[in-house]
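Report on one structure; see the data block that follows.
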Amino acid sequence: MGEAMVKKSDPRHTLAPYVRIGVQNERMYLGFGSIQQVITDKELWEPLARLADYYSVPRTVNEARVFLRQVCGLPETRATEAMRILSQGNYLIPYDTLGYDERYSRPALLYELSGTRAREVQDRLSRSHVLFLGCGGIGNLMAITLVTSGIGHLTLVDDDRIELSNLTRQYMFTESDVGELKSTVLARELARRNSTVEVTHLEKAIASLDDLESLPAVDLVVVSADTPGLTDLVNTHCVRAGQTWMNVCYVNDIAVWGPLVVPGVSGCWDCRRIIAREPADDPQLSAVISRINHRYQAPSNGPVNMLASSLASLDALRHLGRFGTARSLNRRVGVWTHELLLDWQEAELNPACNTCGAYSGQTSRSEYASRGESVE
């Protein structure tokens, strides 16, 4: 009884394996990356290093305090300071966090680093359902990322067939798959990577709101197809249905993802002027521009596809797993690969928006924030 009470009030933690320590230019760096702290007080360097080493096996806070005072010789105030530094940066994790031999042990460390319990994140991911509109370059890459991350159910929607020219960036396909349906082959390959995930594939073109309404309700819709007007249709449908969706694409050499649209919480595709369009007040110029734009063929290539897909996948996992903050919430983000510049367009909620204004009360911002996510 007494031992159980101690464990409950003073649980054991261990040093996270992603923690490193280094010294450079009269500074000690603890953690590195987003959890990095810079320690300039040299008197704390050795005690902090020894305390981190002490946590290489599970310890309680009381045990650590005794270690600092009796073994390291720190007075109470300095021991408290050392404990505060090591406790505030997600350096210590519950001792029973997923083990190295478990399937999702490596991403679990990212969830812990982000300040969220890994088992809770993985459970939420396993109960999530994501639908892809388009199984091309971005659909290929995002689908395999989410499947191997343990998303519970994927639905793939596409009516295209694999062509030889697809193989330069649609890496889940091979030469022997040319002529086959993209959704069928992608579903087969995903199942080979993670048999615990349910994968559904539909040979279907999306040309109307009725087509979208025939699809299953999901936790996230990813638009990774280049069908003209599709984003407008998806935005209207998802806002009305209260479904979260995200656009992922490339604009020539720019890798683009977002906005992540959470109806009632974030801005939607129509809240702000996100993309340039043909001028509505000049029919003659509009006709010329339309002819030019209908000839457009994107210079699609693997590296830009991979960049957009990886960053969008991370945001999808953040949203579904509820760890960290999706960077594309309320913004459309782009990485200009020629100059290596990060840019974004604001896409905040506009209460006067003709598309989502009437639905802005479906999910309150406070409710979304209560999940531990920022809405800014």
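The values are calculated or read from the model by the stated rules, or taken from the named source; none is laboratory data. Owing to the predicted nature of the structure, the values given are computational and were not obtained by experimental measurement. Cβ sites come from the backbone with ideal geometry, for glycine too, and all protein chains shown count toward neighbours. Side chains included, ligands, DNA and RNA excluded: accessible areas come from the protein's heavy atoms. Shrake-Rupley method; radii C 1.70, N 1.55, O 1.52, S 1.80 Å.
Okay, here's what the table says:
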| item | result |
| --- | --- |
| Spacing of the two label points (7 Å from each Cα toward its C-beta) at GLU163 and ASP343, in nm | 2.8 nm |
| Vicinal HN-Hα couplings computed from phi for region 288-294 (Karplus, 6.51 cos²θ - 1.76 cosθ + 1.60; Hz; Gly/Pro x) | 5, 4, 4, 5, 5, 5, 6 |
| Accessible-area order (highest first, 1.4 angstrom probe) of the listed residues MET306, MET142, MET172 | MET306, MET172, MET142 |
| Contour minus Cα-Cα distance for GLU180 and ALA205 (0.36 nm per residue) | 7.4 nm |
| Candidates per GluC sites (Glu not before Pro) in region 1-83, loop by DSSP, up to 16 other Cβ within 10 Å | GLU26 |
| Apportionment of accessible area to carbon and sulfur, region 198-316, percent (1.4 Å) | 53 percent |
| Rounded to the nearest 20 debye, dipole of region 122-281 from Cβ charges on Lys, Arg, Asp, Glu | 560 debye |
| Paramagnetic label zone (point 7 Å from Cα along Cα-to-C-beta, ILE275; backbone N under 16 Å) in region 294-309 | 294-300 |
| Contact order normalised by residue count of region 75-228, Cα under 8 Å, 6+ apart, percent | 24 percent |
| Rounded percent of accessible protein surface that carbon and sulfur make up, region 22-65, 1.4 Å probe | 43 percent |
| Span from the region 295-333 Cα centroid across to the region 93-162 one, whole angstrom | 14 Å |
| In Å², nearest 10: area of ARG327 left accessible to a 1.4 Å probe | 120 Å² |
| Value of relative contact order over the chain, rounded to a whole percent, pairs C-alpha under 8 Å and six or more apart | 13 percent |
| Where chymotrypsin sites (Phe, Trp or Tyr not before Pro) in DSSP loops with at most 11 other Cβ within 10 Å are excluded, longest remaining stretch of the chain | 101-295 |
| Within region 259-324: Cβ-based charge dipole about Cα centre, in debye rounded to nearest 20 (Lys, Arg +1; Asp, Glu -1) | 180 debye |
| Gyration tensor (alpha-carbon) shape descriptor, region 33-160, a/c threshold 1.5 | prolate |
| Region 176-229: trypsin sites (Lys or Arg not before Pro) falling in loop per DSSP and having at most 16 other Cβ within 10 Å | LYS204 |
| For region 266-289 versus region 13-59, the gap between their alpha-carbon centres in whole angstrom | 53 Å |
| Candidates SER56, SER328, SER176, ranked by Gaussian network fluctuation over the chain, Cα under 10 Å, top entry | SER176 |
| Semi-axes of the equivalent ellipsoid for the chain, Cα gyration tensor, largest first, Å | 45, 23, 21 |
| Computed accessible area, ARG240, all protein chains, 1.4 angstrom probe, square angstrom | 130 Å² |
| 5 angstrom amide H check on ARG322, placed H, neighbours 5+ away | none |
| Residues whose placed amide H lies under 5 Å from that of ARG331, excluding near-sequence neighbours | LEU260, ALA347 |
| Region 209-256 - Debye-derived log10 I(q)/I(0), Cα point model, q = 0.23 Å⁻¹ | -0.84 |
| Region 168-313: translational diffusion in µm²/s, Stokes-Einstein, Kirkwood Rh over Cα pairs, 37 °C, 0.692 mPa s | 187 µm²/s |
| Residues with amide H under 5 Å from that of THR200, placed H, sequence gap 5 or more | LEU154, THR155, LEU156 |
| Simple Cβ-charge dipole of the chain, Lys/Arg +1 and Asp/Glu -1, about Cα centre, in debye nearest 20 | 1060 debye |
| Ranking by accessible area, most exposed first, for SER149, SER195 with a 1.4 Å probe | SER195, SER149 |
| Gaussian network model of the chain, springs between alpha carbon atoms under 10 Å - residue of VAL71, VAL199, VAL234 with greatest fluctuation | VAL71 |
| Per residue accessible area in Å² of region 128-184, where ligands, DNA and RNA are left out and the probe is 1.4 Å | 32 Å² |
| Relative contact order [Cα under 8 Å, 6+ residues apart], region 246-331, whole percent | 42 percent |
| Pairwise label distance in nanometres, ILE21 with VAL38, each label 7 Å out on the Cα-Cβ vector | 1.9 nm |
| Point-to-point label distance, ASP10-ASN354, nm (Cα→Cβ direction, 7 Å offset) | 6.6 nm |
| Global geometry of region 238-335, whether rounded, prolate or oblate, following the gyration tensor of its Cα atoms and the 1.5 cut on a/c | oblate |
| Förster radius 25 Å - calculated FRET efficiency between ASN62 and TYR100, Cβ distance, rounded to 0.05 | 0.35 |
| In order through region 17-23: 3J(HN,Hα) via Karplus (6.51 cos²θ - 1.76 cosθ + 1.60), integer Hz, x for Gly, Pro | x, 8, 8, 10, 10, x, 10 |
| Shape of region 124-189, Cα gyration tensor, a/c cut at 1.5 | prolate |
